[in-house]
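Presented below is the structure to which this report refers.
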Protein chains: 2
Amino acid sequence: MKFNLPKAIEVLTRTPTVLETLLQGLSEEWIFQNEGEETWSPYDVMGHLIHGEKADWIERMEIILSDGPNKAFKPFDRFAQFEESKGKNLAQLLAEFKTLRQQNLTTLQSKKIDAVALTKKGIHPAFGEVTLEHLLATWVAHDLGHLAQIARVMAKQYSNEVGPWKEYLPILHK
Amino acid sequence: MKFNLPKAIEVLTRTPTVLETLLQGLSEEWIFQNEGEETWSPYDVMGHLIHGEKADWIERMEIILSDGPNKAFKPFDRFAQFEESKGKNLAQLLAEFKTLRQQNLTTLQSKKIDAVALTKKGIHPAFGEVTLEHLLATWVAHDLGHLAQIARVMAKQYSNEVGPWKEYLPILHK
């Protein structure tokens, strides 16, 4: 599937509602359990997605599209949510993510992103030159990856409860 | 997390709406692409979930709870959707799944499922004795597994488009 901005936006637009539909009002065990030490719960993932809306996608897009000479991205903090989510409940995180995503999609759609713009570049702290197309495709794949992660973390809460069916459920072996 | 029927129902109730929110109205490429030969597209997964509502969960629950002597489950056809979905569009599959799931949850909730009922047994064609608790926990984990699968199949459509970010996206390596 070739990258296409309207089709990418189809997914980016849905993610907040999909996560809200999946998580809003669930019992705390579904929300706060993880896959074991150093892994994330659905609640942790929501905080990470929020930090991405604040410090990653749009900030990096602006760097790529700017006329300035400095094209280097700041490193992204993958653990920011453990501070930033403190004192917030899941409903607050879902609402915050939805608002930030809407604002960011408005910003994205206010830019003239044509085929030339998609080839413009920024400098990633780990692997160097990346294009705007790479960044926007990654935004989509990152959403979907974390949706899959949340579903997996929830499924794993029943790893023992499924009994011998565990063998038939690949999600419990990932 | 110990199995608990109301908490299982929390997830089972949401699945049709989560899938509708994720898939309804998406471009055909998102719906019909898969992960390569012998793998399933989101459209295929929807047909498989429908077949489960018709021929798996409730039918097997009724066998377990019945007073009859024959506790053997029929084998489940993992490929039924390739015939059954023919001529249907995705919106029809989403609607059919939602209706069947609602009916099945009504049936489930009409039974008196207490701690004793959860220990009752049926005979699985491949691995023998399983309990009602195993079956119901598997219903939940199966939903979540296929939600994760749909998200993964969609993410993989951008495996090349993400450029060097592929290294940072575990979902593209599963």
In region A:132-151, the residues that are out of contact with any Pro (no Cβ under 9 Å at 6 or more places or on another chain) and open to solvent by 20 Å² or more (accessible area, probe 1.4 Å): A:Glu133, A:His142, A:His146
Members of region A:27-57 found to be open to solvent by less than 30 Å² (accessible area, probe 1.4 Å), in contact with a Lys or Arg (Cβ under 8 Å, 6 or more places away or on another chain) and within 12 Å of chain B (Cβ to nearest Cβ), listed by number: A:Ser27, A:Trp30
Residue among B:Gly122, B:Gly68, B:Gly87 that is within 30 Å of A:Glu10 (Cβ to Cβ) and outside any helix (DSSP H, G or I): B:Gly87
Selection from region A:152-162 of residues that are surrounded by 18 or more Cβ atoms within 10 Å (Cβ to Cβ) and either free of Cβ contacts under 8 Å to residues at least 60 places away in the same chain or more than 7 Å from every other protein chain (Cβ to nearest Cβ) (or both): A:Val153, A:Ala155, A:Lys156, A:Tyr158, A:Glu161, A:Val162
Extreme residue, nearest to A:Leu105 (Cα to Cα), among residues of region A:12-53 that are out of contact with any Phe, Trp or Tyr (no Cβ under 8 Å at 6 or more places or on another chain) and charged (D, E, K, R): A:Arg14
Hits in region B:8-18 (condition: more than 9 Å from chain A (Cβ to nearest Cβ) and either more than 14 Å from the chain's Cα centre (by Cα) or under 11 Å from B:Leu93 (Cα atoms) (or both)): B:Pro16
Test: residue in region A:4-18 that is within 30 Å of A:Glu129 (Cβ to Cβ), among the small types (Gly, Ala, Ser) and surrounded by fewer than 18 Cβ atoms within 10 Å (Cβ to Cβ): no
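So if I check each of A:Ala155, A:Ala148, which one is small (Gly, Ala, Ser), modelled with pLDDT of 95 or more and under 13 Å from the mean Cα position of the chain (by Cα)?
Numbers: A:Ala155 fails: under 13 Å from the mean Cα position of the chain (by Cα).
On inspection, the qualifying residue turns out to be A:Ala148.
The values are calculated or read from the model by the stated rules, or taken from the named source; none is laboratory data. Everything quoted here is computed from the prediction, not taken from an experiment. Heads up, the Cβs are rebuilt from the backbone with ideal geometry, glycines too, and the neighbour counts pull from every protein chain shown. Calculation scope for accessible area: heavy atoms of the full protein, side chains included, ligands and nucleic acids excluded. Shrake-Rupley method; radii C 1.70, N 1.55, O 1.52, S 1.80 Å.
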